[in-house]
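Colleague: One structure, pasted below without further comment.
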Amino acid sequence: MLTFNHYLTPKSLDEAFDALQRHPGARMLAGATDLLPWAREGRAGDVHLPALVDLSRIAALGGVSQDGARIRMGATTPIAALQHHPLLQQQAPVLGACALWFADDQIREQATVGGNLVNASPAGDTQPALLALNTHVTLARRESGRILERSVPLSEFILGPSRTLLQPGEILLRLEFDALPDHGVAFEKVGHRRSLVISTVCLATLVRLDATGKRITDLRIAIGAVGPVPERLADIEDLLTGTVPTPAALRDAAGRVADRVRSRSRQSYRREVLSNFVERSLAAALAHAGLDLTRLPKEIKHV
Ligand SMILES: Cc1cc2nc3c(=O)[nH]c(=O)nc-3n(C[C@H](O)[C@H](O)[C@H](O)COP(=O)(O)OP(=O)(O)OC[C@H]3O[C@@H](n4cnc5c(N)ncnc54)[C@H](O)[C@@H]3O)c2cc1C
């Protein structure tokens, strides 16, 4: 069971840092969809905290905007916004594809993107899509009364299961990632059942084609839930970028990824699924970008 002495709802970053300073051992929360099950279902035993600091009412942690070729998204943005926010739908549709398979409507309204990253579950579904978007996270701390920020790539932020670069007293402020309106996208996820499920394998693919609509000019594939941290498949990205893809080339790429499975459980299942997901998501993302390989003549070569 979770018990606490104080439940604090700061309205500004300064108030949040005040609260954390006044109550050593306090815990932050945003949507509490990880925090509550962690405390309630006995994983952490009985938890008593001096204070809970609810970040959800701090305006500086919300909002979605565009700054040139990058999108800024506050840490307390709910997962539901990934599906419904017009700017995200247009500039980063892969996030909507990923949110579609995330929990259910109620959890998506409550759960936040920041919570998903700080919780750093290997099965965190937003991680592969955000990694593929070259996301940086901005962290804030207060020193001598001044709020200081640092920005780190998401690829460095998550260190392992439940471990991140976040230092005690630091707050995840926002995410910044590439605006990619012209990329075809695909997101794949599988778990023990069809819905409300923790990923056993998940994967995000983004692809851009040249003016002819046939050659790949940019490819990003990131995988999650098959190891301690999400990963980009840089070798597959390099292999296919600059080529005119064929069904055989996609199959060949898929055959190269089995060794990326590092989870200790369900290894052979995960290997098979990962390989199938790579092939299927490449085909789906290419089709989304306008290249339907099933209709291509056989003589188009992988060059
Ligand atoms: C029924 C159910 C289904 C779920 N399904 C999925 C799913 O399909 N896919 C998936 O990936 N996850 C799923 N989850 C897990 C959870 O919903 C997500 O990880 C969610 O994004 C966590 O966000 P939150 O705001 O609720 O985090 P919280 O529980 O509020 O916080 C999680 C951790 O992050 C810290 N934290 C939060 N925000 C900040 C911040 N801005 N700065 C510093 N620290 C912060 C908190 O202190 C805490 O340690 C599910 C959970 C439930 C209960």
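We did not get these values from a lab; they are worked out from the coordinates using the rules stated. Computed from a predicted model, the values in this text were never measured in an experiment. Note: ideal-geometry Cβ built from the backbone for every residue, glycine included; neighbour counts use all protein chains shown.
Colleague: When the convex hull of the Cα atoms of segment 1-114 is projected onto a plane and the area is averaged over all directions, what value comes out in nm²?
Modeller: Value for segment 1-114: 7.9 nm².
Colleague: Gain in length, ASP46 to LEU239, computed as 0.36 nm per residue apart minus the alpha-carbon separation, to one decimal in nm?
Modeller: 64.4 nm
Colleague: Which value in Å is the Kirkwood Rh of segment 184-295 over different Cα pairs?
Modeller: 14.1 Å
Colleague: Still on this structure, please answer the following. If amide hydrogens are placed 1.01 Å from N in the peptide plane, which non-local residues have theirs closer than 5 Å to the one on THR164?
Modeller: LEU159
Colleague: Where does the chain land at 222 nm, in deg cm²/dmol rounded to the nearest 500, when only DSSP H runs of n ≥ 4 count, each adding -39500 (n - 2.57), divided by all residues?
Modeller: -8500 deg cm²/dmol
Colleague: I've got another one for you. How far apart, in nm, are two points set 7 Å out from the Cα along the Cα-to-Cβ line at ARG266 and at ASP210?
Modeller: According to this spin-label approximation, the distance is 4.1 nm.
Colleague: With angles folded into 0 to 90 degrees, how steeply does helix 267-289 sit against the dominant principal axis of the chain? Use alpha carbons for both and round to 10.
Modeller: The answer is roughly 70 degrees.
Colleague: Given points 7 Å out from each Cα along the Cα-Cβ axis, report the ASP259 to PHE4 separation in nanometres with one decimal.
Modeller: According to this spin-label approximation, the distance is 4.6 nm.
Colleague: I'd like the trypsin sites (Lys or Arg not before Pro) in segment 98-201 restricted to DSSP loop residues with at most 11 other Cβ atoms within 10 Å, sorted by number.
Modeller: Those satisfying the criteria are ARG193, ARG194.
Colleague: Based on the alpha carbons, how large is the Rg to Rh ratio for segment 60-178 when Rh follows Kirkwood?
Modeller: Using only Cα positions, Rg/Rh for segment 60-178 is 0.95.
Colleague: May I pose another question? Tell me which trypsin sites (Lys or Arg not before Pro) from segment 1-47 have a DSSP coil assignment and no more than 13 other beta carbons within 10 Å of their own.
Modeller: LYS11, ARG43
Colleague: Do you know the relative contact order of segment 208-252, to the nearest whole percent, from alpha carbon pairs under 8 angstrom that are 6+ apart?
Modeller: Relative CO of segment 208-252 lands at 36 percent.
Colleague: Check SER263: other-chain or 5+ apart residues with amide H under 5 Å from its amide H, H built from backbone geometry?
Modeller: Here GLY227 satisfy the definition.
Colleague: Output needed: percent of Cα pairs per 10 Å distance bin for the chain, bins running from 0 to the one holding the longest distance.
Modeller: Calculated over all Cα pairs of the chain, the distribution is 6, 27, 32, 21, 9, 3, 1, 0 percent.
Colleague: Would you please put 133-140, 246-253 in order of how densely packed they are, using the mean number of other Cβ atoms within 10 angstrom per residue and starting with the highest?
Modeller: 133-140, 246-253
Colleague: Can you tell me, using C-alpha contacts under 8 Å and at least 6 residues apart, the relative contact order of the chain as a whole percent?
Modeller: 14 percent
Colleague: Which residues' amide hydrogens lie under 5 Å from the amide hydrogen of LEU173, considering only partners 5 or more residues apart or on another chain, with H built in the peptide plane?
Modeller: THR138, LEU139, ALA140
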